[in-house]
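The structure appears right after this line, and notes come after that.
What follows is calculated from the coordinates using simple rules that are stated; it is not laboratory data. Given the structure is predicted, the values throughout are model-derived calculations rather than measurements. Cβ atoms come from the backbone with ideal geometry, glycine included; neighbour counts cover every protein chain shown.
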Amino acid sequence: MLDKDQTMTDALTVEIWHDVICPICPIGVRRFRKALDQFDGRDRVKVVYRSYRLMRNVVPHSVDEHIAHKFGRGQKAAPILKQVSQVAAQEGITYDLENTLAGDTLDAHRLLYLAGADGKQKALIERFHRGYFSEHANLFDPDALLRLAVEAGLDEPSVADVLDGDRFTANVEADQAEAHARGIRSVPHFLIDRRISVSGGQAPEDFLAALNSTWTSRPPLEGNSSAELSCGDDGCYAPIRS
């Protein structure tokens, strides 16, 4: 997914694999953008969002049910959601995760491809995040997706046309296939210039170091990882930073 205004031929490309219901993804993106603000070459950075569906072919169900399935019936959702919300708050993001749903986000990702073609992808991602994490918006309901997309500035007939068919499904599937081919099993995952990987919600200084290393053409760093702050097939992990 690439906003059409991002066409610099010599740009430093940062690809971000994400899912719109991954609670760590907005945190990771916020930290990345803090680093980007400090990066000398920020005007030459091209950000491309790529799709990663954490729950492919899974029907919508409550987050409580999802956590119980993953971690056992004795595990309650509230403490886990509170912990994630505390991490988000440290980044200035407000979460209200009670009674949220989880499931396959294919339609939301297809709309993000539509938004990218019109230069409105960032606006739609932010609207999806605010809607899902703060307003209890149901991202599995076509009517809710339509409303949020229009609020983000997309053309209503175009959005409805995508939701009524299977346009961009192949693009979404291709993103997921590439992620798996690269060994990506959790999100967010940042790939800088196709050379340096930063996985999870790293600190801004880690993102900045990776950007600087690539920009100055030094040998690639070993890929940074943060298994403790990411979302994968086994759930989300979010320790509190001091």
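Here are a few things to note about the model shown:
- Each Lys or Arg adds one and each Asp or Glu subtracts one; over the other residues with Cβ under 15 Å from the Cβ of Gln38, this totals +1.
- Per-residue Karplus couplings for segment 157-168, computed as 6.51 cos²θ - 1.76 cosθ + 1.60 with θ equal to phi - 60°, are listed in order as x, 5, 5, 4, 5, 5, 5, 7, x, 10, 4, 6 Hz, Gly and Pro entered as x.
- Euclidean distance of C-alpha centroids, segment 156-218 and segment 83-104, integer Å: 21
- Computed 3J(HN,Hα) for segment 201-207, one whole-Hz value per residue from the Karplus formula 6.51 cos²θ - 1.76 cosθ + 1.60 where θ = phi - 60°, is x, 5, 5, x, 5, 5, 4, glycine and proline marked x.
- Here the alpha carbons of segment 12-237 define both size measures, Rg and Dmax, at 17.1, 51 Å.
- Taking amide H as placed 1.01 Å from N in the peptide plane, the amide H of Thr13 sits under 5 Å from that of Lys46, Asp193, each at least 5 places away or on another chain.
- Applied to segment 29-35, the Karplus parametrisation 6.51 cos²θ - 1.76 cosθ + 1.60 on θ = phi - 60° returns per-residue 3J(HN,Hα) values of 5, 4, 5, 4, 5, 4, 5 Hz, with x for Gly and Pro.
- Residues whose placed amide H lies under 5 Å from that of Lys120, excluding near-sequence neighbours: Lys4
- Per-residue Cβ neighbour rank within 10 angstrom, fewest leading, Leu154, Leu145: Leu154, Leu145
- Each Lys and Arg adds +1 at its Cβ and each Asp and Glu adds -1 at its Cβ; summed about the Cα centre, segment 12-237 shows a dipole of about 680 debye.
- Summed residue charge, Cβ within 9 Å of His136's Cβ, Lys/Arg positive, Asp/Glu negative: -3
- Difference of contour (0.36 nm per residue) and Cα-Cα distance, Glu135 to Thr169: 9.6 nm
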